[in-house]
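Visitor: Mind having a look at this structure? Questions to follow.
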Amino acid sequence: MFKKILIANRGEIALRVIRTCKEMGIQTVAVYSIADAESIHVKFADEAVCIGPAPSFDSYLRISNIIAAAEITNADAIHPGYGFLSENAKFSKICDEHGIKFIGASPEMINKMGDKATAKATMIEAGVPCVPGSEGIIESFSHCKKLAKEVGYPVMLKASAGGGGKGMRAVWKEADLEDAWNSARVESKAAFANDDMYMEKLIEEPRHIEIQIVGDSKGRACHLSERDCSIQRRHQKLTEEVPSPFMTDKLRDEMGKAAVKAAEYIKYEGVGTVEFLVDKNRKFYFMEMNTRIQVEHPITEQVIDYDLIREQIMVAAGVKISGKNYMPQLHSIECRINAEDPFNDFRPSPGKITNLHLPGGHGIRIDTHVYSGYTIPPNYDSMIAKLITTAQTREEAIDKMKRALDEFVIEGIKTTIPFHRKLMDSQDYVEGNYTTKFMEDFSMED
Ligand code: MV4
């Protein structure tokens with residue numbers, strides 16, 4: 001087992017990893033930028049190394065500084081958390097070259113799943129349901145036009161290097177295809193220095209339902225049920241829940257089997273997530289595979305009483321997995337509390353927290369790094385806390401969420417608490433009647 005793990009991240013996920021390391025008797029090293037000198041993960045770690053100035057590019061993304069921190073503290077593993085370098089193949093490779101265990105996917109796996117067209121071709125080989133469309137990259141516009149006719153409008157153009165909606169265009173008729181093709185490639189080139197595109201039949205009003213999987217070094221995998229992440233704004237998840245209100249036992253069994261088949265086919269090792277699009281007829285299609293721990297992992301932990309960070313560390317240390325599939329025994333909802341103003345187009349609202357009261361009580365979990373007097377720096381992601389409620393039924397979990405949101409006090413900055421409180425009163429939400437289109441019609445106005 002590792003003696004010392006360096007956490008190459010910040011905020012709530014850095015604290016989350018430090019907590020599990022402490023429970024496992026593993027020493028921890030925090031890295032921090034100058035802007036995070038007063039951050040709680042620095043205080044809770046056994047050691048802390050400043051890795052650079054505020055901008056992520058010069059600190060949390062600066063591989064040389066992170067490796068140097070691992071070397072001077074003699075860390076034998078690095079946990080990347082999510083975001084930053086968590087799915088950076090070059091970082092994974094450099095860790096290997098320095099004899100430091102990267103608690104995540106291998107460089108080959110990251111590249112294979114990071115290239116969306118390759119990932120999809122692999123899933124087709126594995127027999128995992130995929131959206132009908134192009135066999136790999138589109139070679140030219142004339143090829144694109146021909147493909148769209150075969151697939152049938154509406155179609156979705158997607159950037160192979162993309163993800164999270166960048167370089168993606170829905171095209172409803174041929175007259176719009178060329179502009180979409182050109183603008184998507186320009187956007188993809190700018191964002192990823194790569195403009196390879198692929199095409200899929202457009203799935204209208206899909207749900208985003210993802211399956212948590214764990215693979216061991218023997219090529220076996222199991223699934224830990226689903227998470228419904230359909231409520232998103234500009235491809236940013238706002239709230240997630242398990243079980244999905246759209247799920248049936250049959251669908252869960254089929255999606256769980258498909259996710260395990262995907263993981264075993266690629267011999268996936270560690271904790272991962274297989275994302276699916278689910279249409280109104282409950283047909284599901286592979287969308288993407290993520291090789292990192294996800295922000296929303298706590299709701300899965302809550303319903304099956306399972307520490308996913310511990311699992312990541314154990315698998316990375318070569319300990320084999322239990323191999324059991326898990327069905328949700330409870331209902332859990334996560335609301336992402338962001339330092340944003342929902343009454344002003346969710347614009348960021350960094351600054352000093354002058355007063356903080358965290359909700360508590362039975363079935364309440366809060367993953368946060370903030371404290372009263374903490375100043376939220378403007379340099380990073382706006383998420384400051386995750387409020388998670390867990391109960392026997394969805395109704396009880398929603399009621400608990402309402403009570404917790406009413407109790408939650410954060411003064412000195414604007415937050416999305418009022419948005420979540422209004423969401424919990426929305427009839428469509430309460431009835432579980434929502435898709436990825438939900439936020440298009442949601443308004444904070446009465
Ligand atoms: C789609 C789709 C409809 N049809 N693919 C969004 C980003 C990336 N995860 C893929 N996405 C989508 N791919 C086909 N063939 C609709 C989306 C989509 C979406 C998916 C999940 C969650 C939120 C979304 C918001 C807009 C579009």
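Visitor: Take the alpha-carbon positions of segment 207-440, form their convex hull, and give its projected area averaged over all directions (one quarter of the hull surface) in nm². Mind dumping the intermediate values first?
Guide: Values: hull surface 50.8 nm².
Over all viewing directions, segment 207-440 projects a mean Cα-hull area of 12.7 nm².
Visitor: At 1.4 Å probe size, with no ligands or nucleic acids counted, give the accessible surface of E87 in Å², nearest ten.
Guide: Roll a 1.4 Å probe over it and E87 shows about 70 Å².
Visitor: Using C-alpha positions alone, give me the convex hull volume of segment 264-368 per residue in cubic angstrom.
Guide: Working: hull volume 20.9 nm³, N = 105.
Per-residue hull volume (Cα only) is 199 Å³.
Visitor: Leaving out ligands, DNA and RNA, what percent of the accessible area of segment 4-103 is carbon and sulfur, probe 1.4 Å?
Guide: Details: 1970 of 3720 Å².
C and S atoms contribute 53 percent here.
Visitor: So, one more: Tell me, rounded to the nearest percent, the portion of alpha carbon pairs in segment 4-103 spaced more than 20 Å apart. Working shown, then result.
Guide: Details: 1251 of 4950 pairs.
In whole percent, the share of Cα-Cα pairs in segment 4-103 beyond 20 Å is 25.
Visitor: Report relative contact order for the chain in percent, whole number only (criteria: Cα-Cα under 8 Å, sequence separation at least 6). Mind showing how you got there, number by number?
Guide: Numbers: 970 pairs, mean separation 61.2, N = 446.
Averaging sequence separation for qualifying contacts and normalising by length gives 14 percent for the chain.
Visitor: Would you calculate, for the chain, the mean residue ellipticity at 222 nm contributed by helices, counting each DSSP H stretch of 4 or more residues as -39,500 (n - 2.57) and dividing by all residues, to the nearest 500?
Guide: Working: 14 runs with 143 residues, N = 446.
Roughly -9500 deg cm²/dmol at 222 nm, from the helical runs in the chain.
Visitor: With the crude spin-label approximation of a point 7 Å out along Cα→Cβ, what separation in nm comes out for E71 versus Q427?
Guide: That separation, rounded to one decimal, is 6.4 nm.
Visitor: Next question. Just report the Cα centroid separation between segment 138-193 and segment 230-303, whole Å.
Guide: 25 Å
Visitor: Express the Stokes-Einstein translational diffusion coefficient of the chain in µm² s⁻¹, to the nearest whole number, given a Kirkwood radius over alpha-carbon pairs, 4 °C and a viscosity of 1.567 mPa s.
Guide: Values: Rh = 22.7 Å.
Taking Rh from Cα pairs, D becomes 57 µm²/s.
Visitor: Something else now. Net charge around E340, counting only other residues with Cβ within less than 13 Å of its Cβ (Lys, Arg = +1; Asp, Glu = -1)?
Guide: Numbers: positive: R233, R234, R336, R347, K414; negative: D341, D345, D381.
Taking every Cβ under 13 Å from that of E340, the sum is +2.
Visitor: Which FRET efficiency value, to the nearest 0.05, is calculated for R394 and E125 with the Förster distance at 35 angstrom and r the Cβ-Cβ distance? Show your work: numbers first, answer last.
Guide: On the way: r = 37 Å, r/R0 = 1.06.
According to the calculation, E is roughly 0.40.
Visitor: In whole Å, what is the distance between the alpha-carbon centres of segment 367-428 and segment 1-80?
Guide: Cα centroid to Cα centroid, the span is 26 Å.
Visitor: Taking R0 as 45 Å, what's the FRET efficiency between K173 and H357 from their Cβ-Cβ distance, rounded to 0.05? Working shown, then result.
Guide: On the way: r = 53 Å, r/R0 = 1.18.
With a Förster radius of 45 Å, E is 0.25.
Visitor: In the full protein assembly as shown, how much of V315 is accessible to a 1.4 Å probe, in Å² to the nearest 10?
Guide: In the full protein context, V315 sits at about 10 Å².
Visitor: Would you mind computing, in nm to one decimal, how far apart the modelled labels at K166 and K320 are, each placed 7 Å from Cα along Cα→Cβ?
Guide: Reported label-point gap for K166 and K320 is 4.0 nm.
Visitor: Shape call for segment 344-438 from the C-alpha gyration tensor, a ≥ b ≥ c root eigenvalues: rounded (a/c under 1.5), prolate (a/b greater than b/c) or oblate? Could you put the intermediate results ahead of the total?
Guide: On the way: a/c = 2.37, a/b = 1.45, b/c = 1.63.
Taking the square roots of the gyration eigenvalues as a ≥ b ≥ c, segment 344-438 is oblate.
The values are calculated or read from the model by the stated rules, or taken from the named source; none is laboratory data. These numbers were taken from a predicted model, which means no experiment stands behind them. Please note: Cβ atoms are built from the backbone with ideal geometry, for glycine as well, and neighbour counts cover all protein chains shown. We work out accessible area using only protein heavy atoms, side chains counted, and drop any ligands, DNA or RNA first. Shrake-Rupley method; radii C 1.70, N 1.55, O 1.52, S 1.80 Å.
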